1. Please report, to two decimal places, log10 I(q)/I(0) for the stretch 1-125 at q = 0.09, 0.14, 0.16, 0.22 Å⁻¹ as given by the Debye formula with identical point scatterers on the Cα atoms and no solvent.
2. Roughly how many Å is it from the Cα centre of the stretch 50-97 to that of the stretch 262-282, as a whole number?
3. Give the total of Lys-Lys pairs in the chain with Cα-Cα distances below 21 Å; include a pair only if its members are 8 or more places apart or on different chains.
4. Quick one: of the DSSP bridges fully inside the chain, what percent are antiparallel, nearest 5?
5. Are there DSSP H segments in the chain that both extend 27 Å or more along their axis (alpha-carbon positions) and score a mean Kyte-Doolittle hydropathy of at least -1.0? List them, or say none.
6. Where does the charge balance sit around Pro52 when Lys and Arg score +1, Asp and Glu -1, over other residues with C-beta under 11 Å from its C-beta?
7. Compute the Kirkwood hydrodynamic radius of the stretch 52-103, taking the inverse of the mean of 1/r over all pairs of distinct Cα atoms, and give it in Å to one decimal.
8. Which net charge results when you count Lys and Arg as +1 and Asp and Glu as -1 among the other residues whose beta-carbon is under 14 Å from that of Arg192?
Amino acid sequence: SPSDHVRIVEVGARDGLQNEKTLLPAEVKIALIDRLSATGLATIEATSFVSPRWVPQLADAAEVFAGIRKVPGVRYPVLVPNLQGYERARAVGVREIAVFTAASEAFNRKNVNASIDESIERFVPVMERAKADGVAVRGYVSTVLGCPYQGEVPVADVVRVAERLHALGCYEISLGDTIGVGTPARARAMLRAVAQAVPMTALAVHFHDTYGQALANILACLEEGVRVVDSAVSGTGGCPYAKGATGNVASEDVVYMLHGMGLHTGVDLDLLVATGAWLAAQLHKETASRVTRARTAA
Ligand code: HMG
Ligand code: MG
């Protein structure tokens, strides 16, 4: 039976910030990641070595990564789209990366200016270098429950892309509902289908909360046996190449639900709430976390 420990992959400093209008200085991002490191989170996605013209907010990736306190036992993966991104990341000592593609051709074209096959071809030399350098690689599949351009995404397409990333050497595949349109029964069926091709222990779920379905979808996927959940402190962000997509599910809300179910995360909820409230103030916006709103209400 699945374990009672759930690993949270905190993506707030990357997925959370990449779509924020307010440009945060590097020292605020460094302070965010250092605060997250103190909460007990085991995996904190730190930034993204993509083209700064495509994602200006994360143009300071090298400075941010170099500046964070690397807490022993905490992993700090970064997003990498190609060999150029890999080299920039390695120059500042990155030990874990994430590559990303989509289940929808139309979305992938908008996001990385390439077809799914072309984007995977770009990963081949990245994966070879990573293997030689002892760098761990995670893989993302976007638009697993719907695409802003193509609409419906067949489950078979999700399975095919997830299987390819896994066969290429990604130790874990994160299944992303980029635009947050999924509902629990569909999320469950999608995960079940992917788990026929990739072991459940190598799968993660990544829900955006655009339609308010994220926690319900996570619960359905936990019931299927998944034990890795991506989330963003304060529920920030979204994808700049997915119009209307709002933030990731808030980490505070996920941790609250998991602890309420008797599952363990190793995360100190009070410290996480304090960090979420602090980040919302830095961004001059109200937090999207219901738990943080409830706990910090005047
Ligand atoms: P392109 O324009 O086709 O790239 O972009 P290119 O190879 O033709 O290069 C064009 C210019 O970009 C060149 O500069 C390159 O040097 C530069 P120029 O000679 O014109 O001055 N360049 C780079 N610079 C820095 N770092 C790099 C890099 N690569 C090229 N790594 C590219 C192709 C993939 C680069 C671009 O489309 C890109 O960066 N896209 C990233 C988009 C992005 O970050 N989207 C959000 C992340 S995905 C997501 O959020 C979903 C997820 O959360 C899961 C979910 O929710 O579903 C993961
Ligand atoms: Mg995302």
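What follows draws every value from the coordinates through simple rules; no lab data is involved. Remember, it's a predicted structure, so these values are computed and weren't measured experimentally. Virtual Cβ from ideal backbone geometry, glycine too; neighbours counted across all protein chains shown.
1. -0.27, -0.63, -0.80, -1.29
2. Value for the Cα centre distance between the two parts: 23 Å.
3. Here the count comes out as 8.
4. Looking only at bridges with both residues in the chain, the antiparallel portion is about 5 percent.
5. none
6. Combined, the nearby Lys, Arg, Asp and Glu give +1.
7. Working: mean 1/r = 0.0840 Å⁻¹.
After inverting the pairwise mean of 1/r, the radius is 11.9 Å.
8. On the way: positive: Arg186, Arg188; negative: Glu223, Glu224.
Spelling it out: positives minus negatives among the neighbours equals 0.
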